[in-house]
Amino acid sequence: MPQQASLPKELLLLLALSTLWGASYSFIKVGVATIPPITFIAARTLIAGAILLAIIRWRGLRLPSDAATWRRFLFQACLNSVVPFTLIAWAEQITDAALATILNSTSPIFTFLLTALITRHEPVTARKLFGVIAGIAGICLILGVEALGGIGHEFAAQLAIVAATICYAGAAIFGKNFKGLDPIMPAAGSLLCGAAILIPASLGFERPWTLSPSTESLFALLGLSVFSTALAFVIYFRLLHTLGSVGTTAQAYLRVPIGVALGVLFLGESLSPTAWIGLVCVIAGVAAMTMPVRGSSGILEASQPK
């Protein structure tokens with residue numbers, strides 16, 4: 001748990017993480033326009049992992065060498081990059097970045113549900129139950145109404161984003177197992193493991209040497225890899241140990257207006273009236289799940305490691 005004096009710094013890092021991840025949906029939307037999803041994500045994890053590895057070497061550190069830690073890195077890679085990154089990249093070939101931002105912002109709800117059902121270390125309160133109901137209602141408004149309205153070609157993509165969100169929730173819980181490691185270690189290790197999985201898949205399924213990506217897609221890949229992945233992962237793993245798994249996922253409701261605004265301003269996207277209602281429900285639900293509550297000690301309860 002961070003000391004009270006350092007809490008403002010942790011909250012500023014939370015805001016920075018929200019901004020970096022809010023921008024990632026627009027980066028992905030531009031990138032997958034001319035780069036297929038597996039190749040795009042393989043390059044993302046390889047570039048980001050290589051950057052973090054270089055920083056580790058520059059700091060005079062070494063990645064762990066024991067097999068047990070690397071098995072954990074591999075599992076974290078599947079939960080936090082390989083599966084969700086690829087699902088979102090595939091989905092954004094079809095659906096808008098703004099809508100992906102909204103759907104993917106519900107990770108605190110699934111984090112709470114997983115902890116309540118499996119680890120059982122999160123108290124079930126009326127406010128959290130409201131958050132779950134409001135968030136799921138928002139998802140249903142976005143998914144269900146559009147599917148019934150005949151926009152079925154987007155339904156599978158939107159469902160894939162929800163599946164990615166569940167993976168992120170699991171990653172937030174499993175990431176607590178890296179307590180004691182410098183935050184850059186699980187970030188670099190999991191990204192390098194992700195690249196080791198995705199590069200062969202890219203070579204086998206998408207033949208990247210035959211591609212002709214646009215300049216915009218290449219710049220989007222670079223921005224996504226350097227800022228929204230390498231830098232964001234270091235901040236993310238730090239916050240897991242200072243704010244806890246549910247506290248860290250507070251970035252989910254903070255990044256919603258950022259991601260939606262970027263999609264609207266720079267990509268010319270728009271939301272349907274139903275999606276706007278779903279957005280309000282999702283933000284209300286996620287805020288109810290993650291807004292910090294002051295305890296008698298004056299320390300934010302949400303800042304306690306979970």
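The values are calculated or read from the model by the stated rules, or taken from the named source; none is laboratory data. This is a predicted model, so every value here is computed, not measured. Glycine gets a Cβ as well: all are built from the backbone with ideal geometry, and neighbour counts include every protein chain shown.
So that you can scan it fast, the table gives a plain yes or no per residue for (1) aromatic (F, W, Y); (2) under 21 Å from E206 (Cβ atoms):
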| position | (1), (2) |
| --- | --- |
| T69 | no, no |
| Q76 | no, no |
| L79 | no, no |
| L87 | no, yes |
| W90 | yes, yes |
| D96 | no, no |
| T106 | no, no |
| T111 | no, no |
| T125 | no, no |
Worksheet item: Where in the stretch 36-120 are the helices (runs of 4 or more DSSP H), entirely inside, with at least 2 residues that are of a type in the set (S, T, Y) and surrounded by 18 or more Cβ atoms within 10 Å (Cβ to Cβ)?
Response: 37-58, 107-114
Worksheet item: For the stretch 238-262, how many residues meet the condition of being at pLDDT below 75 and of a type outside the set (S, T, N, Q)?
Response: 5
Response to the item:
Subset of the stretch 263-280, residues at pLDDT 90 or above and surrounded by 22 or more Cβ atoms within 10 Å (Cβ to Cβ), comes to G263
Practice prompt. Name every residue in the stretch 4-50 that is farther than 19 Å from S212 by Cα and among the aromatic types (F, W, Y), in order of residue number.
Written response: W21, Y25
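Residue-by-condition table, conditions (1) farther than 20 Å from Q93 by Cα; (2) polar (S, T, N, Q); (3) surrounded by fewer than 21 Cβ atoms within 10 Å (Cβ to Cβ):
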| position | (1), (2), (3) |
| --- | --- |
| E154 | no, no, yes |
| L181 | yes, no, yes |
| G189 | yes, no, no |
| L198 | no, no, no |
| P208 | no, no, yes |
| S212 | no, yes, yes |
| V226 | yes, no, yes |
Item to complete: Mind counting the residues in the stretch 285-306 that are surrounded by fewer than 18 Cβ atoms within 10 Å (Cβ to Cβ) and either modelled with pLDDT of 80 or more or part of a helix (DSSP H, G or I) (or both)?
Response: 1
Practice prompt. Hand me the list of helices (runs of 4 or more DSSP H) wholly inside the stretch 152-237 holding 1 or more residues that are of a type in the set (D, E), modelled with pLDDT of 90 or more and more than 13 Å from A43 (Cβ to Cβ).
Written response: 215-225
Worksheet item: Looking at the stretch 179-192, is at least one residue under 20 Å from T39 (Cβ atoms) and not hydroxyl-bearing (S, T, Y)?
Response: yes
Fill in: Condition check for L239: touching a residue at least 60 places away in the same chain (Cβ under 8 Å), under 24 Å from L52 (Cβ atoms) and in contact with a strand residue (DSSP E or B) (Cβ under 9 Å, 6 or more places away or on another chain)
no
Worksheet entry | Filter pass, G138 being farther than 30 Å from I277 by Cα, out of contact with any strand residue (DSSP E or B) (no Cβ under 9 Å at 6 or more places or on another chain) and modelled with pLDDT of 85 or more | no
Item to complete: Working carefully through the options G22, G31, find the one that is surrounded by 18 or more Cβ atoms within 10 Å (Cβ to Cβ), more than 25 Å from H241 (Cα to Cα) and not basic (K, R).
Response: G31
